[in-house]
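Report on the following structure.
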Amino acid sequence: MARGPPVPCALSHKRFLVTIRWLRSARRVQATASGARSVGAAAFVAILGALAAFVSTPDAHAQAGYPNRPIKLVVPYPPGALTDLLARAIGDRLSASLKQPVIVDNKPGAGTLVGAEFVAKQPADGYTLLMATSTTLGIGPALYRPSPIDPIRDFAPISQVGSVNFFLIANPAFPAKNVREMIETIRKSPGKYNYASVGSGSPHHLFMETLKTELGLDIQHVPYKGTPAALTDLLAGAIQVMFADATIAMPNIQAGKVSALGTSAAKQTTLLPGVPPIAATVPGFDWQAWQGIVAPAGTPTEIVARLSAELQKIQATPEFRDQLFRFGMESYAPQTPAQFAASIAAEQPRWAKAIKDSGAKVD
């Protein structure tokens, strides 16, 4: 027999209260008529128990019909940022597969922690999700003290969806054309050269500081308020090197305006295969930024599994991978929620150490 739609929780409780009043009335009538108060009481308690069990598990009904209303995807970045563009691309595809609107809601601020804290405090029902990044669940909690979120306890990981491999680029006049030559050049003239970042505690800053620490290099950090200003000074020769994401690095590399020294991830990039990873010269150097979707902690496992399965289907399509490429991103091997959770946990001490070693402070 075909079932109707799940009864909303509020309506179920209203009917429950009406039923209780009816049963109490019936109990009084039964007790008066038969005098069998003990039997009536037992029956009454049994029926109430069954009804309570029914209405105390509205989640089961909600999960069966999930989703039955729009889903909010919170992006802790401003409109137009790379993560925002990715969220909208995913949101469109999720809307089509889930048959419900997925609405992107931008909530930037405090190194992405404003949006993250908002999501952490929402009901764990699958209707509010967070487009998280390595900054949100790695750098931010270690940089902002006290942190308004706990990246492990406050969220239910769903799926990682992409990664950003950073390019180490240099002004063409800089003597080095690869990582080995850069190391030699800086060591010959300690303190002479400068590198740019888009702010203290940014991936651009932490990647270079990690390289400095591991190799004992003396190169000065010059923070900027954004990539355009940093790139302008790099092209002018005021700054010699910097890490930049593919959307900034690739067109300038291809135009011959900057030299590509290496990439931050240990895996060979598919964006510009001719650029070797820094790890080819500095074994073990492996850093990248990632994007993924999480829900508030306590979200039912059935809903997490459903969303994860839908996201894995999206990631498997050539069309989505092509779009990632256009964003200057690389596809990420699909992970189960448990694998994603393990990855987030494993990164916590790495980011904490990088921030401590760099001396990064909130600007």
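Every number here is computed from the coordinates shown, using simple stated rules; none is lab data. These figures come from a predicted structure and were not determined experimentally. Quick reminder, even Gly has a Cβ in these numbers, built from the backbone with ideal geometry, and neighbours come from all protein chains shown.
Taking other Cβ within 10 Å of each residue's Cβ, how do ILE158, ILE152, ILE139, ILE293 sort, fewest first?
Ranked by crowding around the Cβ, least crowded first: ILE152, ILE293, ILE139, ILE158.
Quick check: the distance between the Cα centres of region 148-217 and region 72-106, to the nearest angstrom?
29
Want the number for THR301 to ASP357: 0.36 nm per residue separation, take away the alpha-carbon distance, what's left?
Gain on extension, THR301 to ASP357, equals 16.4 nm.
Ranked by Cβ crowding within 10 angstrom, fewest neighbours first, how are PHE285, PHE325, PHE166 ordered?
The most exposed by this proxy come first: PHE325, PHE285, PHE166.
Between ASP218 and THR270, take the C-beta separation as r, use R0 = 35 Å, and let me know the FRET efficiency to the nearest 0.05.
The calculated FRET efficiency here is 0.55.
How long are the three semi-axes of the equivalent ellipsoid of region 167-280, in whole Å, if each is the root of 5 times an eigenvalue of the C-alpha gyration tensor, listed from largest down?
They are 18, 16, 14 Å, listed largest first.
Counting other C-beta atoms within 10 Å, which of LYS107, LYS361, LYS121 has the fewest, and how do the rest follow?
LYS361, LYS121, LYS107
Just to verify a number: FRET efficiency for GLU319 and GLN100, C-beta to C-beta distance, R0 = 30 Å, to 0.05?
With R0 = 30 Å, the Cβ-Cβ based efficiency is 0.90.
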